[in-house]
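Visitor: Quick one: the structure is below, and I'll ask about it shortly.
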């Protein structure tokens, strides 16, 4: 397990983002990948990603989104002209499709819990899989020199 944080040097179009998602998912050794999407009017909740119909599951344009599994989290954020900045947080080592952030990283996994369905922070019912079946965690990406946490990724 080698921690890696990388980014795309230039914002990606929706089509290029979907190609990148397909590529990462196909390289992944797990079928348990989930997504979470955000729009100005709401959030998607956490749902299992179906490999064969990714573009059908995502409604563009969106403000930001992420996919995650045990190996990685990919984040994207709306930039302008329907393009997205992209960040990869991974334990799979360097990925040639991404420019590496210039630090040495280590990770620490911690348990996490879903908010109860009665939580009022969300404007509508927040959907997620049964917490007994989906053991969600947080992965802290820390600088090896300073031990500063720079990113926290969702993981399984």
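Only the coordinates and a few stated rules stand behind these numbers; no lab work does. Only a predicted model underlies this, so the values are computations on that prediction, with no experimental measurement involved. As a convention, Cβ positions derive from the backbone with ideal geometry for all residues, glycine included, and neighbour counts pool all protein chains shown.
Visitor: With springs only between Cα atoms under 10 Å, which of 53, 90, 28 fluctuates most in a Gaussian network model of the chain?
Guide: Greatest mean-square fluctuation among the candidates belongs to 53.
Visitor: Give, as ranges by residue number, the residues of region 94-138 whose backbone N falls under 12 Å from the point 7 Å along Cα→Cβ of residue 149.
Guide: Backbone N within reach: 108-112, 138.
Visitor: Listing 86, 43, 149 from the residue with the fewest other Cβ atoms within 10 Å to the one with the most, what is the order? Can you show the working numbers first?
Guide: Values: 86 23, 43 17, 149 11.
So the residues, fewest neighbours to most, are 149, 43, 86.
Visitor: Principal axis extents for region 4-155, Cα atoms only, whole Å, descending order, please.
Guide: The principal-axis extents, from largest down, are 41, 36, 28 Å.
Visitor: Let me know the shape class of region 43-88, please: from the alpha-carbon gyration tensor, a ≥ b ≥ c as square roots of the eigenvalues, rounded when a/c is under 1.5, otherwise prolate if a/b is greater than b/c, or oblate. Walk me through the numbers before you get to the answer.
Guide: Working: a/c = 1.91, a/b = 1.29, b/c = 1.48.
It comes out oblate by the Cα gyration axes.
Visitor: Relative to 2.2 N^0.38 Å, what does the C-alpha radius of gyration of region 57-140 come to as a ratio? Two decimals please. Don't skip to the end; give the middle numbers.
Guide: Working: Rg = 15.7 Å, N = 84, 2.2 N^0.38 = 11.8 Å.
Ratio of Rg to 2.2 N^0.38 Å for region 57-140: 1.32.
Visitor: Picking from 60, 141, 68, which is most flexible by a Gaussian network model of the chain using Cα springs under 10 Å?
Guide: Highest fluctuation of the listed residues: 60.
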